[in-house]
1. All but one of (1) free of Cβ contacts under 8 Å to residues at least 24 places away in the same chain; (2) farther than 16 Å from residue B:66 by Cα hold for residue B:51; which doesn't?
2. Only one residue in B:21, B:33 is closer than 19 Å to residue A:52 by Cβ and either more than 10 Å from chain A (Cβ to nearest Cβ) or modelled with pLDDT under 85 (or both), so which one is that?
3. Of the residues that sit in the range A:38-57 and are within 7 Å of chain B (Cβ to nearest Cβ) and within 8 Å of DNA strand C (Cβ to nearest atom), which one is farthest from residue B:51 (Cα to Cα)?
4. Within the range A:24-61, how many residues turn out to be in a loop (DSSP other than H, G, I, E, B) and crowded, with 18+ Cβ neighbours inside 10 Å?
5. Go through the range B:39-63 and give me each residue that's within 15 Å of DNA strand D (Cβ to nearest atom) and acidic (Asp, Glu).
6. Would you be able to say whether some residue in the range B:19-32 is in contact with a helix residue (DSSP H, G or I) (Cβ under 9 Å, 6 or more places away or on another chain), within 9 Å of DNA strand C (Cβ to nearest atom) and in contact (Cβ under 8 Å) with a residue 12 or more places away in the chain?
7. Name every residue in the range A:58-85 that is at pLDDT 85 or above and more than 10 Å from chain B (Cβ to nearest Cβ), in order of residue number.
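The values are calculated or read from the model by the stated rules, or taken from the named source; none is laboratory data. Source: prediction; values computed, not measured. Note that each Cβ is placed from the backbone with ideal geometry, even for glycine, and that neighbours are counted across all protein chains shown.
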There are 2 protein chains.
Amino acid sequence: MDKKTEQKKVFLEIVQQLRQLIKMEKIQAGEKLPSERVLSERLGVGRSSVREALRSLELLGLIETRHGGGTFLASTHKHQLVEILSMFILEDEKSKKDVELTRQIHEMEAIRVISCTEILRTLPVWDSFFVKLEIEGTINCRDILRELLITTGNRLSLKIWFQLAAYDGDRLNRNSTEDEKLMIQTMLKSMQLGYEKEALKAYEQWMSTVQSI
Amino acid sequence: MDKKTEQKKVFLEIVQQLRQLIKMEKIQAGEKLPSERVLSERLGVGRSSVREALRSLELLGLIETRHGGGTFLASTHKHQLVEILSMFILEDEKSKKDVELTRQIHEMEAIRVISCTEILRTLPVWDSFFVKLEIEGTINCRDILRELLITTGNRLSLKIWFQLAAYDGDRLNRNSTEDEKLMIQTMLKSMQLGYEKEALKAYEQWMSTVQSI
DNA sequence: TCAAAAAAGTGGTCTGACCACTTTTTAACG
DNA sequence: CGTTAAAAAGTGGTCAGACCACTTTTTTGA
């Protein structure tokens, strides 16, 4: 069995061997990998094959290469999984409505999670938004939403949100209007008090306003 | 600006150009791409550079290569991506948890949307699940969840879900146990009746069961 | 007409070369 | 001796050519 799997894809074996090497040598994030020429010799393959494997891992953000410097194991937060996938998924999916809806799915979930979690909904950062709204009278819409996502602690959801939010462009990355002020305040206040439903309602009102901009 | 972004990563530009080429030539899934030598000439770069880009896309499962045959645009996303990423990324427990949570975010949203939409929650497909459960006593977990996502009509959410569901692998793609039967039935029934809250509650119970498998 | 053989096309791999850049070593100077 | 500048070595980036194995297409010949 597994004839097809094993006889083919030599460069995939190199990827496997690279991983094994990383484990064996206990290479930590940020540390240097052996040079391409050394890897080529140690693995008994040509340098170009090594490079094909390395470039694949680089596209995924699993390693970083510095011209003339070397190849380094990337830290987990730099993995470009979502970025790469979004490059292909979002590009095909022309429906802007879906992008917006999906973005809002993540935002609403964040509101739910924060509203239901004592520690999260009582964070001082929410008060800082209030202060900013009072003093300056306005606030960056994207900043609030991003803070929501960050607070939940779900880094994957945050990464997806970043990609989706990038498509909305300037419509999201702007200062709130006077009309939005009350909705945002209501949303934040409800969230702080743990009123999930009210927070979501205010959010939806806010978003329907944003939509018409 | 963007000095660092542009001066580096020449092979990443090739990846971009390949995408562009696929779009321009309107190459459909399963269809053939130009040969490496032709691409090399058309893009004005060496064949090895083209290969590095192609191998990256292959690792992502976006293209398929047949020795002596050619390079083809992949019909569906293959498991390569899952395997590679699980090797490097999903070793971290936090990441696994995030993947599961994010997947559930999309599933719960689907349940909400369907429960609140007359046309969706009264679809005959839900009854078919009931029948299947009655007759065979079991049902594929993944099938139900996929149907939920498909029904909502948000194709982007569906695509993201597909990717996330792939990580859970066999834990999701299996037949339901006897214990799960009641929860699934409750979830579906509540959904059909428009009882959003009850449906979600049953779903969460179900998922907590799945988690222990 | 059709099957076998030849040719062309294609991916897979390796080697060597050269460039640009970084790091290390060496040499020169004060 | 210490500092600094130059040289060397190390490293990734790219290209060209070669050869192999395999597939597809074309040609050949019975």
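1. Going through (1) free of Cβ contacts under 8 Å to residues at least 24 places away in the same chain; (2) farther than 16 Å from residue B:66 by Cα one by one, residue B:51 breaks only (2).
2. B:33
3. Step one: of the range A:38-57, the residues within 7 Å of chain B (Cβ to nearest Cβ) are A:48, A:51-52, A:55-56.
From what's left, within 8 Å of DNA strand C (Cβ to nearest atom): A:48, A:52.
Working: A:48: 9, A:52: 7 Å.
Looking at residues that are within 7 Å of chain B (Cβ to nearest Cβ) and within 8 Å of DNA strand C (Cβ to nearest atom), I get A:48.
4. The initial filter retains those residues of the range A:24-61 that are in a loop (DSSP other than H, G, I, E, B), namely A:25-31, A:33-35, A:44-46, A:60-61.
In the following step, the residues that additionally are crowded, with 18+ Cβ neighbours inside 10 Å were identified as A:33-34, A:45, A:60-61.
Residues flagged as in a loop (DSSP other than H, G, I, E, B) and crowded, with 18+ Cβ neighbours inside 10 Å within the range A:24-61 amount to 5.
5. Of everything in the range B:39-63, those that are within 15 Å of DNA strand D (Cβ to nearest atom) and acidic (Asp, Glu) turn out to be B:41, B:52.
6. Taking every residue of the range B:19-32 in turn, none turns out to be in contact with a helix residue (DSSP H, G or I) (Cβ under 9 Å, 6 or more places away or on another chain), within 9 Å of DNA strand C (Cβ to nearest atom) and in contact (Cβ under 8 Å) with a residue 12 or more places away in the chain.
7. A:64, A:68, A:69, A:70, A:71, A:72
Yes/no per residue for (1) within 14 Å of chain A (Cβ to nearest Cβ); (2) out of contact with any helix residue (DSSP H, G or I) (no Cβ under 9 Å at 6 or more places or on another chain); (3) surrounded by 14 or more Cβ atoms within 10 Å (Cβ to Cβ); (4) without any contact (Cβ under 8 Å) to a residue 60 or more places away in the chain:
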residue: B:159; (1), (2), (3), (4): yes, no, yes, yes
residue: B:174; (1), (2), (3), (4): no, no, yes, yes
residue: B:181; (1), (2), (3), (4): no, no, yes, yes
residue: B:185; (1), (2), (3), (4): no, no, yes, yes
residue: B:188; (1), (2), (3), (4): no, no, yes, no
residue: B:191; (1), (2), (3), (4): no, no, yes, no
residue: B:205; (1), (2), (3), (4): no, no, yes, yes
